[in-house]
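Beneath this line is the structure, given in structure tokens, with notes to follow.
The values are calculated or read from the model by the stated rules, or taken from the named source; none is laboratory data. A quick note: this is a predicted structure, and the numbers were derived from the prediction, not measured. Don't worry about glycine lacking a Cβ; one is built from the backbone with ideal geometry, like all the others, and counts go over all protein chains shown.
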Amino acid sequence: MRGKASEPGGQKTLPVAKRVLELTVNGDRYEVAVEPWTSLAQVLRDELRLTGTKVGCNEGDCGACTVLVDGRSVSSCLYLAVEAEGRDVTTIEGLAETPDTLHPLQEAFIEHGGLQCGFCTGGMLMSSAFLLSHTPEPDEGEIRRGLSGNLCRCTGYNKIVESVDAAAKRLAADEGGTA
Amino acid sequence: MTAPLSFDVHRPRALTEALDLLDEYGATARVIAGGTDLLPKLRNGRLSPEHLVSLGRVGELDGIEETGDGALVIGAATRLFDVQRHPLVRKRLPALHHACSVMATVQIRNMGTVAGNLANGSPCADTSAPLLVYGATLEVARRDGHREIPVGAFHKGPGSVDLASGELIVAIRVPPVPAGSGSAYQRISARSRVDMAAAGVAGLVTLDGDGRVAEARIGLSAVSPTPTRCPEAESLLTGQVPDAPLLERAAREAAEEAKPIDDVRATAAYRRHVVFVMANRVLTTCVARASAGAGGGTP
Ligand SMILES: Cc1cc2nc3c(=O)[nH]c(=O)nc-3n(C[C@H](O)[C@H](O)[C@H](O)COP(=O)(O)OP(=O)(O)OC[C@H]3O[C@@H](n4cnc5c(N)ncnc54)[C@H](O)[C@@H]3O)c2cc1C
Ligand code: FES
Ligand code: FES
């Protein structure tokens, strides 16, 4: 269940006060009280309970925390939550159009074995979504470069590349069909 | 290592407002653009400012403009990803385009900026060698004035740059490349793309009407305390016909001019050798591009 975040709980005594942020995440508006140094990943996971965004390295290396901010993929572990105010954040929970459907990328990952343990998957999908947003029909090299900021310790990557390729082709076909 | 954090973040909407904040908070303030270099340094305690002045909402600093004289002016808040994809950068500044395409990750390039890459002061900064050979200048402002610094004079030593408190890089100005020139960049790192470069080489070669080298510029990163040009190698090339043996000699000279060190990324001897290999390839590409009459194309 996606609820609005509750009012700030017990305030710690801090040299810099918490600040109330208005965030738009997956189209929902939230008010959260955060310290200025809180990362977007922390807010998503700990305050909004959107735990599909994972934190692997917390240093920008692994891509597990990838979300879209105004449509662009960013590492939410290195992104200050305060910088997201006034912008549109999309997490893996908001990739599909409705809560009970899957995005074509998600379907393709399932169909083509693009995931095993799943830890990298949310980030992989968000990076894939960003790639397809600017390069709708990527070749293999473009897919690999588009996902080079996402580490996977399970799949060996080939099946992820196949999944993205399949999803891109399906989206292009759908597009062609409805145009 | 995580250090306890405590700072305030200011998000001005205008350049003048940002400069006022930097003036007011002086040495206790720092600029934050993408934060991709800054946040790790705050977390490990290497920097502890009390105020961050964010460029995230300063719209006037975001974007690339061409001026009347054909220079490209890259606003300080322009993301690396947008520099990489800009049609004029691709066409005219292939060395910078290549640097912005291969450094870090897509996500980091969607956050980080060229100005942050330079201001961070790392001798490994991938945009530094291309900007050196393009003769770029930094436009720096403070509340009551502004100045211009050539990229070559900006780095003072590892982690140290020519910026005073209260100052902000507004833009990077890249003058038009001379007619008849070609440019290129190559870098090498341990973990293909994502890792910081162990060595980077940029080149720009201008040919005259007779196919001789009118001017050559070679820029190195990650192999000396600051990004640096190679005057000896450059003068070897000037006035000569750039055939393969000459380019190889110049590349060897460039490797001699490097001052590499042993560190976690590579040994000094390895670095010197790859500077030779990459300089040879970069110069060959520059000459081919100059002869083809195009500065451009992807590397
Ligand atoms: C996973 C990862 C991989 C990376 N890989 C590479 C790589 O391959 N090659 C490479 O070169 N770098 C790499 N980096 C480093 C970094 O991403 C780049 O240097 C980036 O360009 C920094 O830009 P930024 O906008 O994020 O800078 P910030 O972190 O916002 O700022 C960096 C410094 O510059 C100052 N600053 C920023 N903008 C201004 C301004 N306009 N005026 C005055 N001062 C300013 C800040 O105060 C700070 O001291 C990597 C970083 C990460 C996390
Ligand atoms: S957790 Fe953010 S990149 Fe690894
Ligand atoms: S599926 Fe396990 S890390 Fe990628």
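Odds and ends about this structure:
For every residue, the table says whether it meets (1) surrounded by fewer than 24 Cβ atoms within 10 Å (Cβ to Cβ); (2) under 14 Å from residue B:159 (Cα atoms); (3) not assigned by TED's automatic domain parsing to the domain that holds residue B:266.
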| site | (1), (2), (3) |
| --- | --- |
| B:103 | no, no, yes |
| B:121 | yes, yes, yes |
| B:130 | no, no, yes |
| B:137 | yes, no, yes |
| B:142 | yes, no, yes |
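- Of the criteria (1) crowded, with 17+ Cβ neighbours inside 10 Å; (2) within 11 Å of ligand 2 (Cβ to nearest atom), which one residue A:72 fails: (2)
- Some residue of segment A:77-86 being among the hydroxyl-bearing types (Ser, Thr, Tyr), within 16 Å of ligand 3 (Cβ to nearest atom) and buried (at least 23 other Cβ atoms within 10 Å of the Cβ): no
- Checking B:269, B:290, B:251 one by one, the residue that is at pLDDT 95 or above and out of contact with any Ser or Thr (no Cβ under 6 Å at 6 or more places or on another chain) is B:251 and no other.
- Scan of segment A:23-44 for residues that are free of Cβ contacts under 8 Å to residues at least 40 places away in the same chain and polar (S, T, N, Q), ordered by number: A:42
- Any hit, segment A:86-101, residues being within 16 Å of ligand 1 (Cβ to nearest atom), acidic (Asp, Glu) and out of contact with any Asp or Glu (no Cβ under 9 Å at 6 or more places or on another chain): no
- Qualifying residue in segment A:49-68 (condition: more than 16 Å from ligand 3 (Cβ to nearest atom), closer than 24 Å to residue A:152 by Cβ and in a strand (DSSP E or B)): yes
- Applying the condition of being more than 9 Å from ligand 3 (Cβ to nearest atom) and not hydrophobic (A, V, I, L, M, F, W, C) to segment A:143-156 and asking which residue is nearest to residue B:108 (Cα to Cα) yields A:149.
- Only listed residue being at pLDDT 95 or above, closer than 30 Å to residue B:32 by Cβ, within 16 Å of ligand 2 (Cβ to nearest atom) and not in a helix (DSSP H, G or I), chosen from A:118, A:149: A:149
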